[in-house]
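Questions regarding the structure given below will be posed in turn.
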Amino acid sequence: MAFKHTPSLVLLLLCSALAANALHFYLDANEKRCFIEELPTDTVVEGHYKALEWSEKQQSYISDENLGIHVEVEEVETGHTVVKSKGPSEGKFTFTSHDAGDHSICLSTNYTSWFSSTHIRLYLDIVVGTTRPDSEHDRTHVSEIAAKVRDLNQKLEDIRREQQYQREREADYRDLSEMTNSRAVWYSVVQIVVLIVTCVWQLRHLKNFFEDRKSR
């Protein structure tokens, strides 16, 4: 990030460009402070700012609800305005670079009087996001998800086969139980029939025996 020359502005330079740039600087009424940020294509940039106004009474910088901040972002090469917003003394702005190159990020206050002696301390934190999707990481992530889905499907198939096996065993056990019960019933019936036949035969045998004795 670098500073851009503007009227009644002292030129400041930063030594390096980082993914997240946090700094604070001072503004007077009607001043505009601009920075140059070189960005690749399709890069998400998010800026957070907080402005404090100098209070002579308290001899310190304080928050003032009447203080507002104007934010304007332009593509330096084309002059295309990417962001133009008016916000409170504390807020944020977000934009995505459409073309690679330098982008001008300018901040100013809503005070317009040239005779105002207001002094502003402005804190600014700019976070530059990822320039492009990590396709390899996405493919790896998708592959991992696909592998987990395949494992899950395999486990579900194993559970389905186990349930089918248990149902078959239950059906076999039910058939065996019914067959056993059926055999037990028929065995009881056969026993009863044999017992009745035996009783009838014995009664007839005894009757014949006594009739023979009587006839003698």
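Quick one: which of ARG161, ARG183 is at pLDDT below 85, in a helix (DSSP H, G or I) and not hydrophobic (A, V, I, L, M, F, W, C)?
Result: ARG161 is the single residue among ARG161, ARG183 that is at pLDDT below 85, in a helix (DSSP H, G or I) and not hydrophobic (A, V, I, L, M, F, W, C).
If you don't mind, there's one more thing I want to ask. List the number of the failed condition for LEU156; all other conditions in (1) at pLDDT below 90; (2) farther than 30 Å from GLU38 by Cβ; (3) assigned to a helix (DSSP H, G or I); (4) open to solvent by 40 Å² or more (accessible area, probe 1.4 Å) hold.
Going through (1) at pLDDT below 90; (2) farther than 30 Å from GLU38 by Cβ; (3) assigned to a helix (DSSP H, G or I); (4) open to solvent by 40 Å² or more (accessible area, probe 1.4 Å) one by one, LEU156 breaks only (1).
Report the residue count in the stretch 41-75 for those that are at pLDDT 85 or above, closer than 23 Å to PHE95 by Cα and open to solvent by 30 Å² or more (accessible area, probe 1.4 Å).
7
Something else: In the stretch 35-62, which residues are aliphatic (A, V, I, L, M) and more than 14 Å from VAL83 (Cβ to Cβ)?
Correct list: ILE36, ALA51, LEU52, ILE62.
Right, something else. Can you work out which of the residues in the stretch 91-126 that are among the β-branched types (Val, Ile, Thr) and open to solvent by less than 60 Å² (accessible area, probe 1.4 Å) is modelled with the highest pLDDT?
Checked the stretch 91-126; the qualifying residue modelled with the highest pLDDT is ILE105.
Among the strands (runs of 3 or more DSSP E) lying completely within the stretch 23-112, list those that include at least 1 residues that are under 21 Å from GLY129 (Cβ atoms).
32-39, 44-55, 69-75, 81-87, 90-96, 101-109
The values are calculated or read from the model by the stated rules, or taken from the named source; none is laboratory data. Because the structure is a prediction, the values reported are computed rather than measured. Counting neighbours? That spans all protein chains shown, and the Cβs are built from the backbone with ideal geometry, glycine included. To get the accessible areas, we keep the full protein, side chains included, count just its heavy atoms, and leave off ligands, DNA and RNA. Shrake-Rupley method; radii C 1.70, N 1.55, O 1.52, S 1.80 Å.
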